[in-house]
Structures are given as C-alpha cells and as structure tokens.
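Trainee: Could you have a look at this structure, given as structure tokens, before my questions?
The values are calculated or read from the model by the stated rules, or taken from the named source; none is laboratory data. All values derive from a computational prediction rather than experimental measurement. So basically every Cβ, Gly included, is an ideal-geometry build from the backbone, and we count neighbours across all protein chains shown. In case anyone asks, the SASA skips ligands and DNA or RNA and just uses the protein heavy atoms, side chains included. Shrake-Rupley method; radii C 1.70, N 1.55, O 1.52, S 1.80 Å.
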Amino acid sequence: MRLGEGRQAGRPQGEANVRCVPGEPRDRSRRLRFRPRPVGETRLELVARIGDAYGLVLVLILVTFAVTVTLPPQGWGGRVAASAIAGLTAVIALTSSNVRARRVLVAIVAALAAVTAAALAKAVSSDGLLGAAFLVDGLLLTVAAVTILRRVVLAADVDFRTILGAVSVFTLLGLLFGYFFLALGRLKGGEVFAGVPHAAARDYVFFSYTTLTTTGYGNLVPAGDIGQILAVLEMLTGQFFLVTLVAGLVSLWRPGARAQEKAAGTSGERHE
C-alpha cells in the first residue's frame, strides 16, 4: 500500500479530489463553495474560496458608502479613506469574479494612483487632482460592476450567490454614479446642483441613489448638461436592471431545489 492510500480510503467518496487544481472545471469549484472546509485544504485555498463569495463585496460596498457620506472630503482622512476603500472594493470584486491576475494588478495600480492623487490634491490644493481621483475610482467600480454582472448573467444555475451578485451590482451602480457626480463637481468647478453652491459628498451619493431608484425628492436637481445626462443614464440603468435582470433571477431561483434533489436521490438509493 502506498503512503497516503489509507487516508484516501478513509475519506467519503468525492472528498479525495476536493482541492482545486489548474484546469479543473469552474462549475465543480462553485458546487464546493458552500461546503465545509475540505480535508487537506491549504490556507491560501481557503482565502481564495472565501474571497469568491459576493457577500464580502456587498459588505465593502456598504462600507464605501458609509465612509463616503460621513468623512469630510475637504480633509486628508476623508478623501484618502474614501478613495482607498472604493479602490479596495473594486479589486475584491474583480478577484471574486475570477478575472485574470494581470487585470487585478492593473486595478491595484489604478487604485493606488487614485489614492495618491487624492492625497496630493490636499497638498497642492487642486480640485482637478481630487476630481481625477474620484473619476478613476468611478471607472474601477464600473469595471467591477460589469464583471460581476457578466458572471451573474452567464451563470448556469440561479442560486443564492447569483442573487447576491445581482444585489451587489445594483448597490454598486448607485455608488459608482455617485463617484462620477463627485468627479464632475470637482472637475467642473461650479454648481452641479441647482441652488446648492457647495454640495458635500453625501449630497452627491444621496442624489445618486434617489436617481437610481427613481425616487426623485426634488431637493437636488442637476444644473448642467453633463449632470443631466448622467442622471438620465442612471435612471434608465436602474429601471432596466430591476425590471429585467433581478426580476428574472428571482423568478428562476428555487432555494430548496437542490435539497429536494439530494433527498430524492438518497431515497432512491435506499430503495435500490
């Protein structure tokens, strides 16, 4: 008997080859995602499996929202922290979507460049640099949203992770448009909203989410052409996303389907 055969024989069937190896089909690794930690799994594989869950992305999106609306953008901490957490959210979203390592590296470099620009904007008192930092963060969040959305649309089965990915994309839409409005406010150098001469970061994010959900309180109205175009684009994106994708995914989601199939298969084996 070879060394290790005894341990392999003692494992339940299907557990011996749990570890993901290069070239292994992705569908199989997805089925193993929510199972208990496999025997022999390394810490690096555990971190990769945890990072593959969109729940972490959703948490980071909410943290980014909280940081953006609470910390003052005119100070060092507020602008740097908001830019850093937004870049981290985009990088984790790309990592969770199993994109190529080179693209993740490009995203990391872009995020670091945005943080550097946000820090330098305070040192040299430049609204243009701060606007550029917010613009880069908005582009990173856009790439992350498109990447997650692509994986959600192409998913073979609609499970809890698919629904969680769709919710993450919808929440991310409000955040990325908010960063585009922030960038517009800094780059334009004038009033973005009619009647609001000095809008704060929370005003831009608040306007973004009320526009995305077509709530429209009316207290903030875009003053320029670019702001109005972004607002219309966000409204249409939010409505199409909810009406088509989310509604379709929820209608196809069967939470107890897998458990029922497993129970039926177990009872069939017993009868045999």
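Trainee: Only one of these conditions is not met by Leu175: (1) closer than 21 Å to Gly55 by Cα; (2) hydrophobic (A, V, I, L, M, F, W, C); (3) surrounded by fewer than 23 Cβ atoms within 10 Å (Cβ to Cβ). Which number is it?
Mentor: For Leu175, the failing item is (3).
Trainee: Given the residues Val205, Val196, Val246, Val192, which is the only one that is in contact with a Gly (Cβ under 9 Å, 6 or more places away or on another chain), at pLDDT below 90 and open to solvent by less than 80 Å² (accessible area, probe 1.4 Å)?
Mentor: None of the others qualify; the one that does is Val192.
Trainee: Now a separate question. Of everything in region 159-174, what is in a helix (DSSP H, G or I) and over 17 Å from Gln239 (Cβ atoms)? Give them in sequence order.
Mentor: Phe160, Arg161, Thr162, Ile163, Leu164, Gly165, Ser168
Trainee: Follow-up question, since we're still on this one. Taking the condition of being open to solvent by 40 Å² or more (accessible area, probe 1.4 Å) and within 9 Å of the chain's Cα centre (by Cα), how many residues in region 147-166 meet it?
Mentor: Of the residues in region 147-166, 0 are open to solvent by 40 Å² or more (accessible area, probe 1.4 Å) and within 9 Å of the chain's Cα centre (by Cα).
Trainee: Kindly indicate the residue of region 51-80 that is closer than 24 Å to His198 by Cα and not in a helix (DSSP H, G or I) and also modelled with the lowest pLDDT among those meeting that condition.
Mentor: Quick first cut of region 51-80, residues closer than 24 Å to His198 by Cα only: 64-80.
With the extra rule that they be not in a helix (DSSP H, G or I), the set shrinks to 71-75.
Working: Leu71: 72, Pro72: 66, Pro73: 53, Gln74: 56, Gly75: 63.
Among them, the one singled out is Pro73.
Trainee: How about region 200-223: which of its residues are closer than 20 Å to Ala66 by Cα and not in a loop (DSSP other than H, G, I, E, B)?
Mentor: Listed by number, the residues that qualify are Ala201, Arg202, Asp203, Tyr204, Val205, Phe206, Phe207, Ser208, Tyr209, Thr210, Thr211, Leu212.
Trainee: Restricting attention to region 81-135, which residues are of a type outside the set (S, T, N, Q), in contact with a Ser or Thr (Cβ under 7 Å, 6 or more places away or on another chain) and assigned to a loop (DSSP other than H, G, I, E, B)?
Mentor: The one that is of a type outside the set (S, T, N, Q), in contact with a Ser or Thr (Cβ under 7 Å, 6 or more places away or on another chain) and assigned to a loop (DSSP other than H, G, I, E, B): Val99.
Trainee: Same structure, new question: Those residues that are touching a helix residue (DSSP H, G or I) at 6+ places or on another chain (Cβ under 7 Å), open to solvent by 30 Å² or more (accessible area, probe 1.4 Å) and either farther than 20 Å from Thr116 by Cα or modelled with pLDDT of 90 or more (or both), I need them from region 129-142; list them, please.
Mentor: Ala132, Leu135, Val136, Thr142
Trainee: Another question, if that's okay. Of the residues Gly174, Gly195, Gly178, which single one is touching an Asp or Glu at 6+ places or on another chain (Cβ under 9 Å) and among the small types (Gly, Ala, Ser)?
Mentor: Just a single option satisfies the conditions, and that option is Gly174.
Trainee: Of (1) closer than 20 Å to Thr244 by Cα; (2) small (Gly, Ala, Ser); (3) part of a helix (DSSP H, G or I), Ala156 satisfies all except one. Which?
Mentor: (3)
Trainee: Same structure again: Examine region 212-228 for a residue that is charged (D, E, K, R) and crowded, with 16+ Cβ neighbours inside 10 Å, and state whether such a residue exists.
Mentor: no
Trainee: Mind checking which residues of region 75-93 are surrounded by 23 or more Cβ atoms within 10 Å (Cβ to Cβ) and touching a Lys or Arg at 6+ places or on another chain (Cβ under 8 Å)?
Mentor: Arg79
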